[in-house]
Amino acid sequence: MVTKGMKSMVDSVLKDHLSRFPLLGKLVAGTRQEHQVTLPGRALNDEPRPVISIAGKNPGPVVFINAGVHGGEYPAIEAAIRIGRSLDPETLSGTVVVMPVLNLPAFWKRSIFVCPIDDLNPNRIFPGDPEGSYSEQMVYALTNEFMARADCYIDLHGGDIVEGLVPFSICRKGQSDVDQKSLELASVFGLPFVLTVDRPIQPSKGSMSFVAGAERGVPGFIAEAGGVGQLQFDAVDQLTDGIYRVLNHLNMIDSPSLAPKISTVLTNFEWMYSEKAGMFYPIVQINESLTEGQLVGHVGSLFGETIEEIHAPLSGRVLFITTSPAVIEHGLLMGIGA
Ligand SMILES: [Zn+2]
């Protein structure tokens, strides 16, 4: 069902769905194009990024989808590639633009969490900085050339190479129209959990992608599935199905065969860290329910002694867990949703 707010959003963009992205030129209704895009920014003159545009025969909303903000989240990257190939411009209303891998340096080097050129986590520095380092310029270009020009933004992620994860979406918590639309779209996407957050999960210079979108009036969310450096096809399907549900909800495609899925909304997302460095031995699994104070694992020294017991700081559900046993001091261990 299209809500009143959504209807006005749709109405406002009926005219210009072919000319939103200067870097792609004017798109032609009813065509799918492959672009090699060099992002603006002095540091970014290294390698063009593949972008696929699907310009529908009929007017409608403009949706921008990217994956590969983290280069080792392969189900997300594969889902973006498949969406780029499978959407039919003959039957699409509106435009879908897909960038399968933003952080190409991390993809080629199989780096976890960061871009290897400047060791920054791109999803902690939105909206970026045109005079900053490589990652800051990359994020700035993504924000301004793509995300801010869309009517809806979907950022595909998953557990990184060293993380197992329960599929969930994240959007900004709030009462504004854009926050309500983001929650609506994230819920339509249909992963088991939707987290709403109103503060940075980690201390950082900037924000996560969807916050920069919301600040620019663009409803959007992160959708996460898969992990541990594998290409899990069930996770790919969960992400592509979610995108089809959103496009169906926006009346951009007609796909009644996809049954709606109910997501549980969680409003608290706590990340747990070790105090000490060593080997991490968890005794809980992803999707397990925890009670506050419960022992969830320990850190051992490289002599085999237990040097730290890890207890749950709150009751909730394990949404992701670090699957690599090597942990540094203050190393990330798991995320709990409540
Ligand atoms: Zn990620």
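The values are calculated or read from the model by the stated rules, or taken from the named source; none is laboratory data. From a predicted model like this one, the values you see are computed outputs, not experimental measurements. A quick note on method: Cβ atoms are made from the backbone with ideal geometry, for glycine too, and the neighbour counts reach across all protein chains shown. With ligands, DNA and RNA removed, areas are computed over all heavy atoms of the protein, side chains included. Shrake-Rupley method; radii C 1.70, N 1.55, O 1.52, S 1.80 Å.
Given the condition in contact (Cβ under 8 Å) with a residue 40 or more places away in the chain and surrounded by fewer than 13 Cβ atoms within 10 Å (Cβ to Cβ), answer yes or no: does some residue in segment 304-311 qualify?
No, segment 304-311 contains no residue that is in contact (Cβ under 8 Å) with a residue 40 or more places away in the chain and surrounded by fewer than 13 Cβ atoms within 10 Å (Cβ to Cβ).
Could you tell me how many of the residues in segment 90-127 are acidic (Asp, Glu) and open to solvent by 50 Å² or more (accessible area, probe 1.4 Å)?
Adding up the residues that qualify gives 2.
Select from segment 124-156 the residues that are out of contact with any Pro (no Cβ under 7 Å at 6 or more places or on another chain) and of a type in the set (Gly, Ala, Ser) and write down the one among them that is nearest to the ligand (Cβ to nearest atom).
Gly128
I'd like to know if segment 157-164 contains one or more residues that are in contact with a helix residue (DSSP H, G or I) (Cβ under 8 Å, 6 or more places away or on another chain) and more than 15 Å from the ligand (Cβ to nearest atom). Break it down into steps so the answer makes sense when it comes.
As a first pass, look at segment 157-164 and keep what is in contact with a helix residue (DSSP H, G or I) (Cβ under 8 Å, 6 or more places away or on another chain): 157-158.
Applying the additional criterion that residues be more than 15 Å from the ligand (Cβ to nearest atom) yields none.
The answer is no; no qualifying residue exists.
Quick one: Asp234 ticks every box in (1) under 27 Å from Leu183 (Cα atoms); (2) open to solvent by less than 10 Å² (accessible area, probe 1.4 Å) bar one, so which box is it?
Evaluating Asp234 over (1) under 27 Å from Leu183 (Cα atoms); (2) open to solvent by less than 10 Å² (accessible area, probe 1.4 Å) leaves (2) as the failure.
When the residues of segment 133-154 are narrowed to those that are of a type in the set (Ser, Thr, Tyr) and in contact (Cβ under 8 Å) with a residue 60 or more places away in the chain, which ends up surrounded by the most Cβ atoms within 10 Å (Cβ to Cβ)?
Tyr153
Conditions first: (1) part of a loop (DSSP other than H, G, I, E, B); (2) surrounded by 24 or more Cβ atoms within 10 Å (Cβ to Cβ). Pro130 passes all but one, so which condition is the exception?
Checking Pro130 against (1) part of a loop (DSSP other than H, G, I, E, B); (2) surrounded by 24 or more Cβ atoms within 10 Å (Cβ to Cβ), the one that fails is (2).
When you scan segment 4-117 for helices (runs of 4 or more DSSP H) that lie fully inside it, which ones turn up with 2 or more residues that are modelled with pLDDT under 95 and more than 16 Å from the ligand (Cβ to nearest atom)?
Values: elements: 4-12, 74-86, 104-109.
Ranges flagged: 4-12.
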